[in-house]
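What follows is one structure encoded as structure tokens, with my remarks underneath.
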Amino acid sequence: MSLLVPRLRPGNALSPRLRLTYHNRMTRSRYRFGEDHYPHFMTATVVAWLPVFSYPCFADVILNSWRFLQTQREIKLLAIVILENHLHWIAVGPDLAKRVGELKSFTATSILREMQQRQYQTLLQELTYYKLRQKVDPTHQLWQEGSHPQIIETEAVMWQKLEYIHNNPLRRGSASPTIQSPFASLHRAGEGGRASKTVRAQGGAWVREQ
């Protein structure tokens, strides 16, 4: 079953005029992680909002990395969405800040290696152009700095973030969330805090799992 993904042209993420000021704006987040027992809402964004995840092979790297955190690092994922140039997720677990850093490092290395193997030269050139000047070691930079963690301390805030993740593709102007984001989930908490329903957009259709 094929996945429907948006096809955007790399190189058009920012206008030439905005490129001149981009490096000064991509700074570290002012957000901080809280205690491990609190869920956190997080965002990871590709530099210059380049449409890297228009290609399912790169989204697969994210999905596999999330699965690794679940099975090997005791991280619970409560909701996820991958859009063409950024992702949102809610997670809770031990050493969450460290695990998020590991995920961003591993996914950046894996995705850049995949780009090189597939000879996606335009994307690679863009990721070199937008690399922060202080990063002298890597040739390319995939992620913007920070993951903007927001602590979720109340049920009301949890529902707000869940609905945001679920509706994010629709707010971006697509009448069909499956076209805008084939990699999305919404976990609705039932009694005892357990997920009673999961809605996923995969293969061009919403699928409800019990």
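The values are calculated or read from the model by the stated rules, or taken from the named source; none is laboratory data. It should be emphasised that the depicted structure is a prediction, and the values quoted were computed from it without experimental measurement. Glycine gets a Cβ as well: all are built from the backbone with ideal geometry, and neighbour counts include every protein chain shown.
A few comments on the model shown:
- Output for region 150-171, where each listed residue is assigned to a loop (DSSP other than H, G, I, E, B) and either among the hydrophobic types (A, V, I, L, M, F, W, C) or over 15 Å from Tyr38 (Cβ atoms) (or both): Ile152
- Among residues of region 98-135, those that are within 26 Å of Arg32 (Cβ to Cβ) and either modelled with pLDDT under 95 or of a type in the set (S, T, N, Q) (or both), counted: 9
- Enumeration of residues in region 110-132 that are hydroxyl-bearing (Ser, Thr, Tyr) and closer than 16 Å to Ala48 by Cα: Thr122, Thr128, Tyr129, Tyr130
- Checking region 42-64 against the condition returns no match, with no residue being in contact with a Ser or Thr (Cβ under 8 Å, 6 or more places away or on another chain), closer than 27 Å to Tyr129 by Cα and of a type in the set (Asp, Glu).
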